[in-house]
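Colleague: Supplied in structure tokens, the structure appears directly below.
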Amino acid sequence: MKQKSTYLALTAFAMFIAVQSQGQSVTLSLNNVPEAVQCNEVWTEQDLDLSFVSTTVDDCASDACYFAASGPAIGFAESVMVWPSRLTVDLSSLEGIQAVEVDIVDYCGFYCTQAFLMDSTGIVSIKGNSESSVSETLVMDNLSQTSFTELAISGCESGINEIRIYQNTSSIENSSSVDRKVLRIVDALGREVHFTRGQLLFHLYDDGSVEKKFVGE
């Protein structure tokens, strides 16, 4: 019986990892921005609301909303240009966001292009460019499993090519049974480990369930 329970737990974990690696993603190509879009005007792509808005004191310049909806039309290869302004994406309808990737080219300087992930309380995560005049991907992982409400990308002279939002599509639910027992604790590669802080771990239970846990430092 114990061997069968172990098999069920390992099978569930394998399914979990497979789903995580495949996942579900939303890709915003930014190719359908309205040609005559105005600051604060909302348009929709992949059922998400997007808009250009004014910059804030957190950006390379504040209180500005200058952009181009079509990069090639003004001599740039990027899908959109901000100089300065913010491109915002409403994330409130997406659950289980695991990571966000933003393809950019900065023409301003170190950390002049920035991506902000926000929840209902404000800014949660910031990622800026490390190079200038070359293509770069800003990667933002959601290790704390925050429910994000908005993504904003700002810059003083920045091109934005594509945005990819990855979601956790696992159908495995956490079990609240007090009778279940932990069989193994493994990391994201399936290696058995002891419980440690600051690392994403998977608890495999004898009822076949898998629980993902992350405890900060």
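Colleague: Kindly establish whether S144 is more than 30 Å from A36 (Cβ to Cβ) and in contact with a Phe, Trp or Tyr (Cβ under 8 Å, 6 or more places away or on another chain). First the steps, then the outcome.
Modeller: Details: more than 30 Å from A36 (Cβ to Cβ): yes; in contact with a Phe, Trp or Tyr (Cβ under 8 Å, 6 or more places away or on another chain): yes.
Yes.
Colleague: Among the strands (runs of 3 or more DSSP E) lying completely within segment 21-123, list those that include at least 3 residues that are farther than 18 Å from E136 by Cβ and at pLDDT 95 or above. Steps first, answer last, please.
Modeller: Details: elements: 24-28, 42-45, 48-53, 80-82, 85-90, 97-106, 114-119.
Fully inside segment 21-123 and qualifying: 42-45, 48-53, 85-90.
The values are calculated or read from the model by the stated rules, or taken from the named source; none is laboratory data. All of these numbers come straight from a predicted model, not from anything done at the bench. Heads up, the Cβs are rebuilt from the backbone with ideal geometry, glycines too, and the neighbour counts pull from every protein chain shown.
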